[in-house]
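Okay, structure first, notes after.
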Amino acid sequence: MTQYKNVGVLTGGGDCPGLNAVIRAVARTCFGYGVKVWGVKNGFGGLVENQIGELFDHDISGILHRGGTILGTTNRDNPFNYAILGANGYTYKDMSAQALANLKSRGIEALVVIGGDGSLNIASGFDKLGFPVVTVPKTIDNDIFGTERTFGFDTAVACASEALDRLHTTAESHHRVMLLEVMGRYAGWIAFHSGMAGGGDVILIPEVPYKFEAIVAAINARKAAGKLFSLIVVAEGAYPQGGEVTVARIVENSAEKIRLGGVGEKLARQIEEHTGIESRCTVLGHLQRGGSPTAYDRVLATRYGVAAVDALMAGKTGVMVALQKNKIVTVPIKDVAGNPSNVPLEALRVARAIGISFGDEV
Ligand code: F6P
């Protein structure tokens, strides 16, 4: 067994329900090994800026049910390509040596990184420099390769499903087409699962580029059958066949600069024009990322946190803890980073069988 005396933990990338549950599990497992735990504030930025403090039992008590992260996070900073704002805008510098020096000055010998794909890449950079690191897959999008579930996804799906239940009743009263735009840049997991759970009639996901006529046909078929309203769930990354995703904004100093959004509103206007049915779009946005994690996410996050420390203590590095066939395993980061996990097209069969349209077949 590896005899670390000090282990660091950081949360990187967009926040997600269950982060605190992982931090708690990491800290408690470390305490069990007789290891000190250090919390890095504000993601990889805090690592460069030396915002690191020891975590004690009282810091991690009472946080299991809390959304967000007690450590703070950011989806911008990358120590290997660190944005520094000067008079002429941003310049980028490799600050990884500074980050390592900050860890070593406190005797921190290994790191648990709780993050999504961007954080996995950065963690892998530290592993290559010889600094032991184990990662925990985090994102509401559930699009990390090598694991069947990321924590936070279940909570986001519950949020989107509840929103659909609410939209259902008002859609029905007003005989309208109601669209719900949910998160999911490259993968439509949230749209697919919430659409199934919330009775969506059309689900639009990045894995299946849509044909506008197919959406109109699905709405008109319902109308012909006496169903005067329709519910459409659209992932922010959905796009038309031969077309492009809808970009909401560019975040200049972010590793991944593009933020998506707006496809739902665009479609609502087109649908109203082509069907004559009044249409509205609701963008669920960051409501999906906030709030208390579901019981499922708390348990998964806890299993991941314990497994990450166990893996470090077993001498593993450069690995991500993952859920496969309901067991927690470790997979090499190099096999998973940069490889989004998409909704398998075979999975759509269940939805198609009950009449859900993916906007691809007229
Ligand atoms: O990856 C998580 C995620 O919530 C995406 O689904 C979404 O596109 C993005 O982050 C939003 O980022 P921001 O918080 O910077 O708006």
Inset, instruction - Report the antiparallel proportion of the DSSP beta bridges in the chain as a percent, rounded to a multiple of 5. - result: 35 percent
Inset, instruction - Please list, in chain and number order, the residues 5+ apart from Cys281 or on another chain whose amide H is under 5 Å from its amide H, with Hs placed from the backbone. - result: Leu179
Legend entry - Positive-end residue, the chain charge dipole about Cα centroid, Cβ charges, pick of Ala268, Phe153, Val182: Phe153
Inset, instruction - Just tell me which aspartates and glutamates come within less than 16 Å, Cα to Cα, of Lys36; anything on the same chain fewer than 8 places away is out. - result: Glu54, Asp57, Asp59, Glu109, Asp310
Legend entry - Candidate lysines for bridging to Lys211, where Cα separation is under 16 Å - those fewer than 8 sequence places away on the same chain excluded: Lys266
Legend entry - Among Val350, Val299, Met313 the positive-end extreme of the charge dipole of the stretch 294-356 (Cβ point charges): Val350
Inset, instruction - Determine the distance separating the Cα centre of the stretch 104-121 from the Cα centre of the stretch 1-69; give it in Å without decimals. - result: 10 Å
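Express the carbon and sulfur contribution to the solvent-accessible surface of the chain as a percent, rounded to the nearest whole number, probe 1.4 angstrom.
52 percent
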Inset, instruction - Calculate one ³J(HN,Hα) per residue across the stretch 153-170 by plugging θ = phi - 60° into the Karplus curve 6.51 cos²θ - 1.76 cosθ + 1.60, and present them in order as whole Hz with x for glycine and proline. - result: 5, 4, 5, 5, 5, 4, 5, 5, 5, 5, 4, 5, 4, 5, 5, 4, 5, 6
Legend entry - Rounded, prolate or oblate (a/c below 1.5 giving rounded, otherwise prolate when a/b exceeds b/c) for the stretch 1-117 by Cα gyration tensor: oblate
Inset, instruction - Output ³J(HN,Hα) for the stretch 274-281: one whole-Hz value per residue in order, computed from phi by the Karplus curve 6.51 cos²θ - 1.76 cosθ + 1.60 with θ = phi - 60°, and x for Gly and Pro. - result: 8, 10, x, 8, 4, 10, 9, 10
Inset, instruction - Name the residues whose placed amide hydrogens come within less than 5 Å of the amide hydrogen of Ala110, ignoring near sequence neighbours (fewer than 5 apart) on the same chain. - result: Gly8
Legend entry - Under 24 Å from the Cα of Lys325 - lysines, other chains or at least 8 residues apart: Lys138, Lys316, Lys334
Legend entry - Other-chain or far-sequence residues with amide H under 5 Å of Val234's (modelled H): Leu180, Glu181, Val182, Leu204
Legend entry - Unit charges on C-beta of K, R, D, E only; dipole of the chain, Debye: 680 debye
Legend entry - Rounded tilt (10° steps) of 212-224 against the dominant C-alpha axis of the chain: 60 degrees
Legend entry - Antiparallel %, DSSP beta bridges [both residues in the stretch 1-150], to 5: 40 percent
Legend entry - Net lengthening on full extension, His65/Arg166 (0.36 nm per residue, minus Cα-Cα): 33.9 nm
Legend entry - Relative contact order for the stretch 1-143, counting Cα pairs under 8 Å that sit 6 or more residues apart, in percent: 30 percent
Legend entry - Fraction of alpha-carbon pairs over 20 Å apart in the stretch 143-267 - percent: 46 percent
Legend entry - Residue-averaged 222 nm ellipticity for the chain, from DSSP H runs of 4+ at -39500 (n - 2.57), nearest 500: -11000 deg cm²/dmol
Legend entry - Table column - 3J(HN,Hα) (Hz), the stretch 193-198, Karplus curve with 6.51, -1.76, 1.60, x for Gly and Pro: 5, 6, x, 5, 6, x
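The values are calculated or read from the model by the stated rules, or taken from the named source; none is laboratory data. Here the structure is a predicted model, which means the values were calculated and not measured. No Cβ is skipped: glycine too gets one built from the backbone with ideal geometry, and neighbour counts run over all protein chains shown. Protein only, heavy atoms only, side chains kept; ligands, DNA and RNA dropped before computing areas. Shrake-Rupley method; radii C 1.70, N 1.55, O 1.52, S 1.80 Å.
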